[in-house]
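Input: a single structure, listed below in structure tokens.
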Amino acid sequence: MNVTLTEEEILKEKTEYTGVHPQKFALWIAMASMSMFFAALTSALLVKKGDYRSWENFKLPGVFFFSTLAVIGVSICIHSALISYRKSKFTQFRWLMFFSFLLGCLFLALQLQGWHVLQQGGMTLTENLSGSFIYLLTSVHGVHIIVGLLVMLVFLINAIRNRKDPIYELRDIINPKRQLNLELLVSYWHYVDAVWVYLYVFFYLNYQ
């Protein structure tokens, strides 16, 4: 008797030992690498801060607090979108993805406003090391945010295009592959959001 295994069953057999999907494991490895990168930069900041001859202290612009609220809002909305998708609430899922995208764009806009406040205070990119570190860290993190927004936009466009998909949405069942991709996207956003919260607290403690 020939038994034909589905793609999902074959994948389950291949990952039975760890219980972790290969794509999720690869994402964890990438996040670990990014964590080491940000840890190295913040450590370098602490070392440079010890040189009082080249370090000029200043107060962190208050706009970064509001960008922190925006990025936390992204995590809340996109996680709620995942929950809605798992419950086959596709309309609610699309709206939550849309609000997540808007909040992500708002975060970038507030970061740019923070740069503007720094420049008005005389802290340009090359003026002083203390200001340069903020520009460097926020710009590197901003690149990760932009990547997340682009992927989110593609996901949102596909969700809108497929809103009348007779195989899945009209039957109130979920697409396993789409759910996996959504879980990867949500994990990525939780990570970059957590990185920014860490950076904001770090900046707040070191720029008074």
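Table for the structure above
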| item | result |
| --- | --- |
| Members of the stretch 165-193 found to be farther than 21 Å from residue 21 by Cβ and at pLDDT 80 or above, listed by number | 193 |
| Unmet criterion (only one of (1) part of a helix (DSSP H, G or I); (2) surrounded by fewer than 16 Cβ atoms within 10 Å (Cβ to Cβ)) for residue 137 | (2) |
| Cβ pairs under 6 Å, 6+ apart, first in the stretch 115-126 and within 14 Å of residue 58 (Cβ to Cβ) and at pLDDT below 75, second outside any loop (DSSP other than H, G, I, E, B) and polar (S, T, N, Q) | none |
| Test: residue in the stretch 161-175 that is surrounded by fewer than 15 Cβ atoms within 10 Å (Cβ to Cβ), among the hydrophobic types (A, V, I, L, M, F, W, C) and free of Cβ contacts under 8 Å to residues at least 60 places away in the same chain | yes |
| Where residue 56 falls short, out of the listed (1) assigned to a helix (DSSP H, G or I); (2) in contact (Cβ under 8 Å) with a residue 60 or more places away in the chain | (1) |
| Unique match (being in contact with a Pro (Cβ under 8 Å, 6 or more places away or on another chain) and surrounded by 20 or more Cβ atoms within 10 Å (Cβ to Cβ)) among 118, 96 | 118 |
| Selection status of residue 129, within 17 Å of residue 196 (Cβ to Cβ), in contact (Cβ under 8 Å) with a residue 12 or more places away in the chain and not basic (Lys, Arg) | no |
| Hits in the stretch 81-90 (condition: free of Cβ contacts under 8 Å to residues at least 40 places away in the same chain and surrounded by fewer than 18 Cβ atoms within 10 Å (Cβ to Cβ)) | 83, 87, 89 |
| Single condition residue 88 does not satisfy, out of (1) within 30 Å of residue 122 (Cβ to Cβ); (2) not in a helix (DSSP H, G or I); (3) not aliphatic (A, V, I, L, M) | (1) |
| Candidate set from the stretch 10-55 (those that are over 23 Å from residue 124 (Cβ atoms), basic (Lys, Arg) and surrounded by 12 or more Cβ atoms within 10 Å (Cβ to Cβ)); member that is modelled with the highest pLDDT | 24 |
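Matching residues to (1) in contact with a Lys or Arg (Cβ under 9 Å, 6 or more places away or on another chain); (2) at pLDDT below 90; (3) over 30 Å from residue 180 (Cα atoms):
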| site | (1), (2), (3) |
| --- | --- |
| 57 | yes, yes, yes |
| 65 | no, no, yes |
| 78 | no, no, no |
| 89 | no, yes, no |
| 111 | no, no, yes |
| 148 | no, no, no |
| 154 | no, no, no |
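The values are calculated or read from the model by the stated rules, or taken from the named source; none is laboratory data. Small disclaimer: the values here were computed from a predicted structure and weren't measured. When we count neighbours, we look across all protein chains shown, and the Cβ atoms used for this are built from the backbone with ideal geometry, even at glycine.
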